[in-house]
1. Determine the shape class of the stretch 3-228: with a ≥ b ≥ c the square roots of the Cα gyration tensor eigenvalues, call it rounded for a/c under 1.5, and otherwise prolate if a/b is greater than b/c, oblate otherwise.
2. For the chain, set up a Gaussian network in which alpha carbons nearer than 10 Å are linked by springs, and say which option among 154, 42, 140 fluctuates the most.
3. For 158, 1, 102, what's the fewest-to-most ordering of other Cβ within 10 Å of each Cβ?
4. With an 8 Å Cα cut-off and a minimum separation of 6 or more residues, compute the relative contact order for the stretch 3-228 in percent.
5. What's the center-to-center distance, using Cα atoms, between the stretch 77-99 and the stretch 1-47 in Å?
6. Where is the GNM fluctuation largest for the chain (alpha-carbon springs, 10 angstrom cutoff): 93, 210, 122?
7. Which semi-axis lengths, in whole Å and largest first, follow from the square roots of five times the eigenvalues of the Cα gyration tensor of the stretch 1-101?
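Values quoted throughout were computed directly from the atomic coordinates according to the rules given, and no laboratory measurement underlies them. The model shown is predicted, which means the values in this text are computed figures rather than measured ones. Here the Cβ positions follow ideal geometry from the backbone for every residue, glycine too, while neighbour counts run over all protein chains shown.
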């Protein structure tokens, strides 16, 4: 079957309208992968290593952004909710992911038209690379080697690291997710995001979705103090 997506730990192969997800480390991150699979009716499964679904399309987030330049509010909300739920599952597995990259995310659109108005199938965004997952104990993870501080989606506390090993609060991953969502929004074309800023900066930056559920959810995750961050959508 032709391959339509590949990271260091996950591949997706396609045959007709069937997509086979082949992954490593299923035994280490069972809840993380269950959070993915629960979105779909599984056609076939090899426990801990692969599953197959029917879908209208599966494409990389980066390819989607090439076509659309920015994401709609609906897509942004799904991105925040779907990947956030995966991170919560990862936390249940006693791991976290401090390095969320757009290259590691796919958009899945199902065949069945279920969204209100009948304009398309259900949409899910999935994070599919376990390479940078690190163990967590008491909400803290350790970083033991240098990394690229020029990565877009890293938290202020990650930017400040200057010695190794060092300890980081796992809520850094929710800051990373929220930055990623911000970079995908229509407002991102108007001005660039600065790092090490105040929450007031983000209130201004996100002003065109002011007082929406997504607006408040992003702000909860963009607190400068990681212990004050809350992943919550209400």
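1. Oblate is the answer for the stretch 3-228, as a/c is 1.5 or above yet b/c matches or exceeds a/b.
2. Greatest mean-square fluctuation among the candidates belongs to 42.
3. Least to most surrounded, the residues fall as 1, 102, 158.
4. Computed value for the stretch 3-228: 18 percent relative contact order.
5. Between the Cα centre of the stretch 77-99 and that of the stretch 1-47, the gap is 16 Å.
6. Fluctuation is largest for 210.
7. 21, 20, 13
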